[in-house]
Structures are given as C-alpha cells and as structure tokens.
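Just below is one structure, and these are the notes that go with it.
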Amino acid sequence: VIIGRLAPSLLEKLEEEGLGTPCAVVDRTILEANLSGMASLVADRGCTLRPHFKTHRSIEIANRQLALGAKGLTCATVSEAEVLVEHGILNIFIAYPMWADGAKAARLRALQEKAALRVGVDSIESVERLAATTKGGPTLEVLIEVDPGCHRSGVHPRDVLRIAKCAESRGLTIAGVFAYPGHAYGGPNEVEPAAKDEQNVLSDASEILAGAGISISVRSGGSTPTARLSAGRDISEVRPGVYVFNDRQQLALDSCRDSEIALVVLATVVSVSVPGAFVVDAGSKALSSDRLPWMEGFGVVRGARDLVAKALYEHHGIVKAFDDGRRPEVGEVVAIVPNHVCNVVNLFNELLVVGEDGELERWPVLARNIPW
Ligand SMILES: Cc1ncc(COP(=O)(O)O)c(C=O)c1O
C-alpha cells in the first residue's frame, strides 16, 4: 500500500466507518502547518489575510483561519456566502464581478442585512444594478476589480475612476480595489511577474482614485502562488485559497513542497490488464479533469513522480507504471495528489481528516455544486 504519511490503520478506519475509495483524505498536521504558515507570513508583512472559502468549503477550516487572524473570508458565489453566514461567519468579500439579477438579487439583499458584506464590481452596469438591489439596506461596500494581465475580468486602472464615481453617486461605499493574478498559473517563471503586475495595477488604480479625492483602504490581491510575494508590497490584503491543502499545480509552480501537500485522493487499483499502466477507481468524478495546458496528466501518486494519471474516464483513472514496468497490484490503495484541489473538494461530500495519532474526523464540504 502506497499511502505515504497517512496512518497505516487508516484503511481499517475507513472500513469501520463504512467508507471506501475514492475519498479525499486530509493530513491534519500538514493542514495546520499550512494554515499557520500563511497566517504568520501575512501578519509579519503587516497585511490582512482574507482566505478564499471555495478551496475547502469547510466551516472547521474557516474557523481555524479566523482564529489565526484572518479578517474575514473571500467567496466566489452568493451560495458560499450564505453558508458562511449560516455558520456565523459575517465578514465576507464576494470577489466576483457581481451581476445582481433575479433570485440572486433577493438573496444578496438578505445577506446584506446579516453580514458585513463586500462585493466585487467591474462595470457601470453592475454598479447600477447592485445599487438598485441594495438601496435602503445596511452599508454594502464595493471593490472595483482591476485586471493585472490575467484577462479574466477586471478593468484597466484608468477605467476605475468612472466606475468609482458611478458607485459614489448611487450611494455605494467604495472600500477599495482588487485583482486576481491568474496568469501566475502560466508556469513557474510567470509567478514573479504576475505578482509584480498585481502590485502595479492595484497601486496605479488607488493613486488614480486618490488623485480624484477618493481614498480607499483596501488593495486586495489574490492567488496562492503570488501571496507570499505580494503580501504587504502595496497590497493591503491577500486572498489565497489553495495554500490550505496545496496540490500538484502548486508543486509544479514551486509554490509548495511535497511535505506541504495536505490533501490526497485515496484510490484502489482495480485493473492491471493493460501493460505499462494500472487503473484506479478515481476518474474525473473524483480527480476532476482540470489540467493546466503546460502540465501532463491529471494527478500523481504521492512520492512516486513517474506514476502520473495520464488519462481519466468518469470512474477510471489510467495511471502510468514505472518505466521498468513496476506497478501496484490489484486491490492496493494509492494516494493521488490531484492537479487542482479546489475542484476535487467540490466533488466530495466530506473531507476525511486524519490526525497525528490516526484518529479520523469527517468534515462536511458545504455549498458544493451550487455554483451561483
Ligand atoms: C478572485 C479570486 N481570489 C482569490 C483566489 C484564490 O487563489 P488560489 O486559487 O491561487 O489560491 C481566486 C482563485 O480562483 C480567485 O478567483
């Protein structure tokens, strides 16, 4: 059985609990170290940590992040924010270009009544709609999204003032500006330039606003690979998500070490009938099909970098054998480091969290598959 640092009794524990593979297993010791490592790095830089909830979707982890000094949580969706509020977490930034229409508008309005809520905007139209939705309610703060070169969403710094003026005239409070440097995921050599890009666009945007007499307190940057580089450097807040577990993408970006991988998917070998490979019971419904264009495969067996999941069907993962033909036998269990942990967590109902002494806790994954 290739299960690395996981307690050897784990498989018996899973059986006792009526659980089996594939499952998402978290090493609690590594998780705690990742949480406190990021919290102290960000605090040492005089920066605020507002971690992204979409990675773990777990109240247990959100509460640990807050206890370690996080100011509040970041979300991508109204449904994630609703779950946080339900569990008493009331300081929330929905870092997404909000389009408050239909039922979503009503749900946002309800959240506004209960939580200290910040929302992302990147157009005049979204500001107008948001203002109409939230009028008469408690203060709702907006952050204007700036594009640092990721070209996903966000405006050029020169367009921030137009949006800010509209927000002011409609009675919205402008807390600041935010950016997501997703182009850091272009490869290990892209991380540093992407961090610089986010620092530059956020400081350009805040200078433009200051020049027009609009002073802001928040310059919020994103992403796990860039957080360590950007925290405190013209950036007042960082929103990393993946750092809690890390994954194969972070390894490939040199953004974490093997010893910092806190989540693996346990999978059982179900077939060795094809030479040069073996088949595990974790396919795209357990590992997700997410893959950066420059990376090969969909996951790797922990501690065995040759054993790459080279193809996925829904319920079959085809893993390459060692070059000399060695491979696990049918019935063995392997621990797979997934490419992108956020999508993997979203595929499971619970995280199986294993402590140092082998005790197993089951933490529910919340707001999964409600992507709005
Ligand atoms: C707006 C925003 N902020 C923060 C993050 C977290 O970054 P990472 O996934 O690199 O941890 C994301 C991730 O997609 C994001 O979209």
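The values are calculated or read from the model by the stated rules, or taken from the named source; none is laboratory data. Keep in mind that this is a model prediction, so the values were computed, not measured. Cβ placement follows ideal geometry from the backbone for every residue including glycine, while neighbour counts extend to all protein chains displayed.
Observations, loosely collected:
- For Gly303, the conditions (1) on the phi < 0 side of the Ramachandran plot; (2) touching a residue at least 24 places away in the same chain (Cβ under 8 Å); (3) part of a loop (DSSP other than H, G, I, E, B); (4) touching a helix residue (DSSP H, G or I) at 6+ places or on another chain (Cβ under 9 Å) all hold with the exception of (1).
- Residue list for region 37-61, restricted to those being at positive phi and surrounded by fewer than 20 Cβ atoms within 10 Å (Cβ to Cβ): Gly46
- In the set Leu14, Leu31, only one residue is modelled with pLDDT under 95, among the hydrophobic types (A, V, I, L, M, F, W, C) and over 22 Å from Phe93 (Cβ atoms); that residue is Leu14.
- Of the set (1) within 16 Å of the ligand (Cβ to nearest atom); (2) under 23 Å from Ser255 (Cα atoms); (3) not basic (Lys, Arg), all apply to Met98 but (2).
- Residues of region 320-372 classified as of a type in the set (A, V, I, L, M) and without any contact (Cβ under 8 Å) to a residue 12 or more places away in the chain, total: 0
- Residue satisfying condition, being among the small types (Gly, Ala, Ser), within 13 Å of the ligand (Cβ to nearest atom) and out of contact with any Gly (no Cβ under 9 Å at 6 or more places or on another chain), within set Gly171, Gly88, Gly186: Gly186
- Subset of region 101-142 [part of a helix (DSSP H, G or I) and either polar (S, T, N, Q) or in contact (Cβ under 8 Å) with a residue 60 or more places away in the chain (or both)]: Lys104, Gln112, Ser126, Thr133, Thr134
- Taken over region 240-254, the criterion of being surrounded by 24 or more Cβ atoms within 10 Å (Cβ to Cβ) and under 17 Å from His52 (Cα atoms) is satisfied by Pro240, Val242, Tyr243, Val244, Phe245, Asn246, Asp247.
- Just one of the listed residues (Val201, Val269, Val191, Val238) is farther than 26 Å from Leu352 by Cα and over 19 Å from the mean Cα position of the chain (by Cα), and it is Val201.
- Checked against (1) touching a helix residue (DSSP H, G or I) at 6+ places or on another chain (Cβ under 7 Å); (2) crowded, with 19+ Cβ neighbours inside 10 Å; (3) under 30 Å from Ala110 (Cβ atoms), Pro22 passes all but a single condition, namely (3).
- So Ala195, is it farther than 22 Å from Ser58 by Cα, near the ligand (Cβ under 10 Å from one of its atoms), not in a loop (DSSP other than H, G, I, E, B) and not acidic (Asp, Glu): no
- Among the numbered conditions (1) touching a strand residue (DSSP E or B) at 6+ places or on another chain (Cβ under 9 Å); (2) within 16 Å of the ligand (Cβ to nearest atom); (3) farther than 25 Å from Glu198 by Cβ; (4) of a type outside the set (Phe, Trp, Tyr), the only one that Val121 does not meet is (3).
- Residues of region 52-72 that turn out to be in contact with a Phe, Trp or Tyr (Cβ under 8 Å, 6 or more places away or on another chain), closer than 26 Å to Glu145 by Cα and either away from the ligand (no atom under 11 Å from the Cβ) or part of a helix (DSSP H, G or I) (or both), as a count: 2
- Selection within region 198-221 - within 12 Å of the ligand (Cβ to nearest atom) and part of a helix (DSSP H, G or I): Glu198
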